[in-house]
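The values are calculated or read from the model by the stated rules, or taken from the named source; none is laboratory data. This structure is a prediction, so every number in the text was calculated from the model and none was measured. Cβ sites come from the backbone with ideal geometry, for glycine too, and all protein chains shown count toward neighbours.
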Amino acid sequence: MGKIIWVDLGSGRIQEEEINETVYRECLAGTGMAARILLDRIPPKADPLGPDNIICFVSGLLTGTGSLFTGRWMVAAKSPLTGTWGDANCGGNFSPAIKRCGYDGIFFKGISPHPVYLCINDGKAELRDANGIWGKDTKETEAILKKDSGCRMPRIACIGQAGENISLISGIANDGGRMAARSGLGAVMGSKKLKAVVLDGTKRIRSHDITEVKRLSQKCNENIQFMPPFPPSFVLAYMGAILRALPAQPSTETLMFNTVYKLMLQKWGTASLNQILIEIGDSPIKNWKGSNEDFGQEHSEKMNPDVFSDCVIVKYHCYACPLGCGGICHRPGVSGETHKPEYETVLALGGLCLNDDADSIFRMNEILNRAGMDSISAGGTVAFAIECFEKGILTLADTDGLELTWGNSAAIESLVDRMIHRHGIGDLLADGVRVASRRIGQGSSKYAIHAGGQELAMHDGRYDPGFALHNSVEATPGRHTIGSQMYYELFQLWEKVPDLPEPGLIYMKRSKYVPDREKAVAAAACSTYMNVINGAGACLYGALMGTKDFPLFAWLNAATGWQLSPRDYLEIGAHIQSLKQQFNIKQGIKPTDIKVTNRALGRPPLTAGANRGRSVAIEKMVQDYWDILGWDPKTGTPLSGGKMDQEI
Ligand code: SF4
């Protein structure tokens, strides 16, 4: 759109800023453009909850151009949870609304003296009083603003009570409780007294060659609509058990997993992964100290994908998405309509706490979405508290009488509610495991599983060391949506950039744990590719169909008129990676100080289950990764402007 808008919450001043073409050429839009601007304009060592922090809502370069899977919006700021670069990402319909208002991003600085919301309606931007909606949850806020804002068809992003209470694990919601959950950015909105952003615009979003964009989209859609019969969901658990037992691993290409994954997502959404990932060892169990043996099929079948899709009353598609992995559910025992819980939520509040009560997970999913709290971090924090209780570090006197035992779903639900409202023990835990372990002391930090302060998502680096690496090296530590060895296989980037390594059709599992240059190149390619995806506003799940079926580079060229090669785009991605790393260094973060808790690296290794005996040689993997990006391998400092080296 060529423009962003700035809102100074301290002075109330609102002004537009033109964005030079070179910014798009060098950083695309989305989090790429955000990285450029926030690196330049947030002063060193800024307080993430102070007036100098800037929070921005950005749309992707491809959003609204006719390309598919490109309706993601992103929010970025300095994270109060990690002190690093922070961003979060969400689907729904908010992203095109940013562009229809005429902007690629909406940037906020300063702190308002009282609660406000921004309304951009028909080209007019104004801050409005939000005292009447402060204290409301995200669904109530949306409903009130839809009625009272005077907009015809507003799209709304807002915080709930968690963000207002400056919980460091709070996120930002849109479309009735869909969450941009990670990095604690709801607390940044709360600290600025910014309750909501309400958008209603009619600007046209242009595409350089709309015919070509549509041709590419039609081809992509034909593949999506191919829906052969698929086995019943219980087969997935047995498939996982068989894969676990094999000493060798077939690559995702051998298993045709790109197609299988698409079918699973289409049929069940991310809940399709619930059982299979427990069986193969990708889902952490019992605060990362257990295994599939502690949460066997008699428990996990209660989390069977059908449990979550049978109660879907309407399927949910993000803007411009032909797949539609989401759903609105109505489940007896859970009041009202609710979003279908995602895999991450189910496992964080399920297997991680040994909780097999699906009803309780539906209820917690709903109250967390309403309050605007990150369900991954909430589940990780509950599991930490249960282990502290087990070890006698927390007692009934500390927990307000809650019996915090493994699998006690009533106590878990009650604890989540207390965290949302900062009641009693909930106040101690409402800022995540790192802060809680510092408050509790008594050696509890070894049970606090995180990377650089952010609770880890439900993907185990002891199963796929690529997850451990990206948890350690990304500018926002603890991210599961950037890369892994499995993601690299699914992306199939070597189809477009032929000198990238192509994995063998089958390989010994033990080879996954041996750091080498090829794995470092693959990991750097994942990071750089995801920066292009986030610059474009695309969905990771579309990208996991593989580059043959997801024509991201061709869409970008057709929509912009640029004639860049896939390698050129990866170099842009590498430049963005460098900007985010420079952001951290400017903010006083040493990349070598970002650590993953030992337990999650297999130190010591588990003695039972799918991941027994496995540990991750993280130090060597991190150094190799930095080296491939052309950064100092000892310090992680970008040296060459972020250009990938000759190997890529
Ligand atoms: S695949 Fe799912 S998350 Fe991705 S754009 Fe489609 S509906 Fe949204």
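Observations, loosely collected:
- Any hit, the stretch 141-152, residues being outside any loop (DSSP other than H, G, I, E, B), charged (D, E, K, R), outside the structural domain of residue 264 (by TED's automatic domain parsing) and more than 23 Å from residue 329 (Cβ to Cβ): yes
- So residue 520, is it more than 16 Å from the ligand (Cβ to nearest atom), assigned to a helix (DSSP H, G or I) and within 20 Å of the chain's Cα centre (by Cα): no
- Filter result for residue 19 (more than 20 Å from the chain's Cα centre (by Cα), more than 16 Å from the ligand (Cβ to nearest atom), of a type in the set (Val, Ile, Thr) and not assigned by TED's automatic domain parsing to the domain that holds residue 528): yes
- Looking across 86, 60, one residue alone is within 16 Å of the ligand (Cβ to nearest atom) and small (Gly, Ala, Ser). It is 60.
- The single residue among 353, 329 that is assigned by TED's automatic domain parsing to the domain that holds residue 411, surrounded by 20 or more Cβ atoms within 10 Å (Cβ to Cβ) and within 26 Å of residue 227 (Cα to Cα) turns out to be 329.
- Pairs with Cβ under 9 Å, 6+ apart, first in the stretch 1-26 and of a type in the set (Val, Ile, Thr), second part of a helix (DSSP H, G or I): 4/33; 4/37; 19/33; 19/37; 23/32; 23/33; 23/36; 23/37
- Residue 371 of a type in the set (Gly, Ala, Ser), at pLDDT 95 or above and within 16 Å of the ligand (Cβ to nearest atom): no
- Any hit, the stretch 44-61, residues being of a type outside the set (Val, Ile, Thr), more than 22 Å from the chain's Cα centre (by Cα) and closer than 30 Å to residue 214 by Cβ: no
- Residues that are over 15 Å from residue 307 (Cα atoms) and at pLDDT 90 or above, drawn from the stretch 225-248: 238, 239, 240, 241, 242, 243, 244, 245, 246, 247, 248
- Taken over the stretch 166-206, residues that are farther than 14 Å from residue 116 by Cα, touching an Asp or Glu at 6+ places or on another chain (Cβ under 9 Å) and not in a strand (DSSP E or B) amount to 17.
- Subset of the stretch 296-349 that is within 21 Å of residue 544 (Cα to Cα) and among the hydroxyl-bearing types (Ser, Thr, Tyr) - its residue that is modelled with the lowest pLDDT: 316
- Enumeration of residues in the stretch 327-361 that are under 17 Å from residue 409 (Cα atoms) and under 22 Å from the mean Cα position of the chain (by Cα): 341, 345, 346, 347, 348, 349, 350, 351, 352, 353, 361
- Elements of type helices (runs of 4 or more DSSP H) in the stretch 1-105, at least 3 residues being under 21 Å from residue 157 (Cβ atoms) and of a type outside the set (A, V, I, L, M, F, W, C): 30-41, 94-100
- Candidate set: the stretch 65-80, residues that are within 14 Å of the ligand (Cβ to nearest atom) and of a type in the set (Gly, Ala, Ser); chosen: the one surrounded by the fewest Cβ atoms within 10 Å (Cβ to Cβ): 71
- The stretch 327-366, residues that are under 19 Å from residue 139 (Cα atoms), away from the ligand (no atom under 16 Å from the Cβ) and aliphatic (A, V, I, L, M): 334, 361, 364
- Scan the stretch 20-44 for residues that are of a type outside the set (A, V, I, L, M, F, W, C) and on the phi > 0 side of the Ramachandran plot and the total you get is 1.
- Residue match in the stretch 267-283 (condition: surrounded by fewer than 18 Cβ atoms within 10 Å (Cβ to Cβ), touching a residue at least 24 places away in the same chain (Cβ under 8 Å) and assigned to a loop (DSSP other than H, G, I, E, B)): no
- The one condition in (1) surrounded by 23 or more Cβ atoms within 10 Å (Cβ to Cβ); (2) within 16 Å of residue 89 (Cα to Cα) that residue 145 fails to fulfil: (2)
- Residue that is farthest from the ligand (Cβ to nearest atom), among those in the stretch 298-326 that are over 23 Å from residue 231 (Cβ atoms) and of a type in the set (Val, Ile, Thr): 313
- Hey, residue 128 of a type in the set (Lys, Arg), away from the ligand (no atom under 16 Å from the Cβ) and in contact (Cβ under 8 Å) with a residue 60 or more places away in the chain or not: no
- Filtered by the rule that a residue be surrounded by 21 or more Cβ atoms within 10 Å (Cβ to Cβ) and not in a loop (DSSP other than H, G, I, E, B), the stretch 297-323 gives 300, 303, 305, 307, 308.
- Qualifying positions in the stretch 351-375 - part of a loop (DSSP other than H, G, I, E, B), out of contact with any strand residue (DSSP E or B) (no Cβ under 8 Å at 6 or more places or on another chain) and touching a residue at least 60 places away in the same chain (Cβ under 8 Å): 354, 356
- On inspection, residue 294 does not qualify as part of a helix (DSSP H, G or I) and over 17 Å from residue 541 (Cβ atoms).
- Residue 215 surrounded by fewer than 21 Cβ atoms within 10 Å (Cβ to Cβ), more than 28 Å from the chain's Cα centre (by Cα) and basic (Lys, Arg): yes
- Qualifying residue in the stretch 548-558 (condition: under 26 Å from residue 626 (Cβ atoms), away from the ligand (no atom under 16 Å from the Cβ), in a loop (DSSP other than H, G, I, E, B) and charged (D, E, K, R)): no
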